[in-house]
Amino acid sequence: MATINENFLKLQAGYLFPEVSRRVRSFQAQNPDAKIISLGIGDVTQPLPPAIIEAMKKAVDDMGTAATFRGYGPEQGYDFLIDAIIENDYKSRGVDVEPDEVFISDGAKCDTGNIQEIFGLDNVVAITDPSYPVYVDSNVMAGRTGKGNKNGQYDKIVYMPCTAENNFIPELPKTPVDIIYLCFPNNPTGAVATKEILTKWVDFARSNKAVILFDAAYEAFITEPDIPHSIYEIEGAKEVAIEFRSFSKTAGFTGVRCAFTVVPKQLKGATSDGRVVEVNPLWNRRHSTKFNGASYISQAGAAAIYTTEGKKQTRQIIDIYRGNAKLICESLTKLGYKVYGGVNAPYIWIKTPDGLSSWDFFDRLLRKANVVGTPGAGFGPAGQGYFRLTAFARPEDVKEAMQRFASV
Ligand SMILES: *Cc1c(COP(=O)(O)O)cnc(C)c1O
């Protein structure tokens, strides 16, 4: 009989969102008249803007005519999109990125999950607690960790707690690490890293020969002027960092699927016999072998985000979510909650009142306000006693939810 990859058996059951749904369904069954509002799941709600729809329609038409039909495209993505990314996301911020450093994909979830394949299994991985679950689980599947404990944490991973005490910015690891996952603006805490903080991390990675895997999926939500949008705005970062971006939250592409990863040519890794090799060709090889390119239609839509109209229209949608975030922060602060995030991120991270556990507050909020959020403990033990709300709902729902919070 074929044997299996037993590392998969170490994974703890995907507990968070199924358990949220289970409790919501059970409450709704007992309270059929309750009009439940969800500020829980991190998916966008606004439709795609017209400039992007037009570009995708045109791309569909291209597919219907022999002269403009496209079959397999380059695995790394079309130049028209790569050039627009370089010009708008990097050159405009004084960052030099070359076309063969950009890899278009169908999502940052796949890229952040797959990137670990090009690194050795003996690397020590550092991950924030709480965090986006993909970073941990993909390393468990690969066999880079030991067994899980009852907290849902795994041996061999170095966890970096992020709580109000450190402003949700992890401390530098005190033990040696090789691969560091950072996500700013952060899901779930909504925290951002200043230039000074990112410089500290880049310097740490350079002096410890570590690699930073920088997830910037929420870059478009940065509002404050002194917050870096790319880790490459930090000097020396191209020697140590891979950056992940996605059009999912930027432009409502969660259902369309398009993202990209930047792997700088300066970034190097070691072989077991001590040779130093470039990492970029490894990702290129991995990507070309296991991926056949994002759809032409998705890439045409993504390129339209960078047109004058596209920029204006996507900005308007982000402003809607920002308005939601502002309303949530202001309303809950007024009600006496300790509120974090929400300024440069679509996530609002609150301290649960009365010392309640994350799940006890979940139940209270559901019962008293018929509002659903996400228990912070579901993102890691350091999230215990916190609760995540998202700004991705419709403004009228957010308004109503905030009124209901008064009775919680
Ligand atoms: C939503 C999200 C992504 C983007 O995922 P896609 O696969 O591009 O839709 C990446 N990282 C984090 C932390 C996210 O929350």
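The rows are residues; the columns are (1) under 30 Å from Glu309 (Cα atoms); (2) out of contact with any helix residue (DSSP H, G or I) (no Cβ under 8 Å at 6 or more places or on another chain); (3) of a type in the set (D, E, K, R).
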residue: Tyr15; (1), (2), (3): no, no, no
residue: Arg25; (1), (2), (3): no, yes, yes
residue: Gln28; (1), (2), (3): no, yes, no
residue: Lys35; (1), (2), (3): no, yes, yes
residue: Gly40; (1), (2), (3): no, no, no
residue: Thr45; (1), (2), (3): yes, yes, no
residue: Pro49; (1), (2), (3): yes, no, no
residue: Val60; (1), (2), (3): yes, no, no
residue: Met63; (1), (2), (3): yes, no, no
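Scanning the range 70-119 for residues that are within 16 Å of the ligand (Cβ to nearest atom) and either assigned to a helix (DSSP H, G or I) or free of Cβ contacts under 8 Å to residues at least 40 places away in the same chain (or both) gives Leu81, Ile85, Asp89, Ala108, Lys109, Cys110, Asp111, Thr112, Gly113, Asn114, Ile115, Gln116. Screening the candidates Gly355, Gly336, Gly383, Gly323 for the property of being at pLDDT 95 or above and crowded, with 24+ Cβ neighbours inside 10 Å yields one hit, Gly383. Can you name the residue in the range 180-200 that is within 14 Å of the ligand (Cβ to nearest atom) and hydroxyl-bearing (Ser, Thr, Tyr) and, of all such residues, is surrounded by the most Cβ atoms within 10 Å (Cβ to Cβ)? If we take residues in the range 180-200 being within 14 Å of the ligand (Cβ to nearest atom) and hydroxyl-bearing (Ser, Thr, Tyr), then Thr189 is surrounded by the most Cβ atoms within 10 Å (Cβ to Cβ). Scanning the range 233-250 for residues that are within 11 Å of the ligand (Cβ to nearest atom) and either in a helix (DSSP H, G or I) or farther than 21 Å from Gly94 by Cα (or both) yields Phe247, Ser248, Lys249, Thr250. Take Gly274 and decide whether it is out of contact with any Cys (no Cβ under 8 Å at 6 or more places or on another chain), within 23 Å of Arg206 (Cβ to Cβ) and not in a helix (DSSP H, G or I). Yes: the conditions hold for Gly274.
What number of residues within the range 378-400 are in a strand (DSSP E or B) and either in contact with a Lys or Arg (Cβ under 7 Å, 6 or more places away or on another chain) or aliphatic (A, V, I, L, M) (or both)? The total comes to 2. Out of Gly341, Gly310, I need the residue that is crowded, with 19+ Cβ neighbours inside 10 Å, touching a residue at least 40 places away in the same chain (Cβ under 8 Å) and under 27 Å from Ile52 (Cα atoms). Which one? Sole residue among the options that is crowded, with 19+ Cβ neighbours inside 10 Å, touching a residue at least 40 places away in the same chain (Cβ under 8 Å) and under 27 Å from Ile52 (Cα atoms): Gly310.
Per-residue answers, yes or no, for (1) farther than 19 Å from Glu117 by Cα; (2) within 11 Å of the ligand (Cβ to nearest atom); (3) surrounded by fewer than 16 Cβ atoms within 10 Å (Cβ to Cβ):
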{"position": "Ala216", "(1), (2), (3)": "yes, yes, no"}
{"position": "Ile231", "(1), (2), (3)": "yes, no, no"}
{"position": "Pro264", "(1), (2), (3)": "no, no, no"}
{"position": "Val277", "(1), (2), (3)": "no, no, yes"}
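Filtered by the rule that a residue be among the small types (Gly, Ala, Ser) and on the phi < 0 side of the Ramachandran plot, the range 263-307 gives Gly269, Ala270, Ser272, Ser288, Ala294, Ser295, Ser298, Ala300, Gly301, Ala302, Ala303, Ala304.
The values are calculated or read from the model by the stated rules, or taken from the named source; none is laboratory data. Quantities reported herein were computed from a predicted structural model and do not represent experimental measurements. Backbone-built Cβ (ideal geometry, glycine too); neighbour counts: all protein chains shown.
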